[in-house]
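The values are calculated or read from the model by the stated rules, or taken from the named source; none is laboratory data. Just so it is clear, the structure is predicted and the values come from calculations on it, not from any experiment. Here the Cβ positions follow ideal geometry from the backbone for every residue, glycine too, while neighbour counts run over all protein chains shown.
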């Protein structure tokens, strides 16, 4: 397993509250990245989006797209998400099998109203330390301050530091 998260912490990954009775159909569709913790694969990127769609076998296709800020080149990474448990929680496991090294991880939906925002978390344990990733996703490319405040409230309640949060550039985007 490879990790691309860059916010390390001592100890094991936290056991955070996730969305209960997660409605996967309502979650499907396009989300715009409003902010994130540093992720190696997104370095130099802007206009980041995530598109979720249901596969016939019950898995979820995840297509992450962005544009390189300097070259203007569009970049995509495609993965497959599956339920991490049968409980109906917003806990998924995800893998990106088409890269030179298979990347696997968790994808937890900490909060969403399905219509305007979602706060998503991933963490990998390495015995004595862990690495965390977190994203704020929105349905609008440029979300209102009200929508961002809802997401920040969940972000703060989950114990995340906003000082690691990088605002995603969403200007002059073609996709």
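In the stretch 144-164, the condition of being in a strand (DSSP E or B), in contact with a helix residue (DSSP H, G or I) (Cβ under 9 Å, 6 or more places away or on another chain) and more than 18 Å from residue 43 (Cβ to Cβ) is met by no residue.
Looking across the stretch 26-46, the residues that are in contact with a strand residue (DSSP E or B) (Cβ under 8 Å, 6 or more places away or on another chain) and modelled with pLDDT of 95 or more come down to 27, 28, 29, 30, 31, 32, 33, 34. The residue list 116, 87 contains one member that is out of contact with any strand residue (DSSP E or B) (no Cβ under 6 Å at 6 or more places or on another chain) and at pLDDT below 90, which is 87. Checking each residue in the stretch 37-58 for being free of Cβ contacts under 8 Å to residues at least 24 places away in the same chain and surrounded by 14 or more Cβ atoms within 10 Å (Cβ to Cβ) picks out only 51. With respect to the stated conditions, residue 118 is in contact with a helix residue (DSSP H, G or I) (Cβ under 8 Å, 6 or more places away or on another chain) and either in a strand (DSSP E or B) or farther than 14 Å from residue 27 by Cα (or both).
When the stretch 70-114 is filtered for residues that are closer than 27 Å to residue 143 by Cα, in contact (Cβ under 8 Å) with a residue 60 or more places away in the chain and surrounded by fewer than 16 Cβ atoms within 10 Å (Cβ to Cβ), only 74 remains. Residues that are surrounded by 12 or more Cβ atoms within 10 Å (Cβ to Cβ), in contact with a strand residue (DSSP E or B) (Cβ under 8 Å, 6 or more places away or on another chain) and closer than 17 Å to residue 39 by Cβ within the stretch 140-171 comprise 155, 160, 164, 165, 166, 168, 169, 170, listed in sequence order. Applying the condition of being closer than 20 Å to residue 39 by Cα and surrounded by fewer than 21 Cβ atoms within 10 Å (Cβ to Cβ) to the stretch 120-131 and asking which residue is modelled with the highest pLDDT yields 129. Checking 57, 15 one by one, the residue that is closer than 18 Å to residue 98 by Cβ and over 15 Å from the mean Cα position of the chain (by Cα) is 57 and no other.
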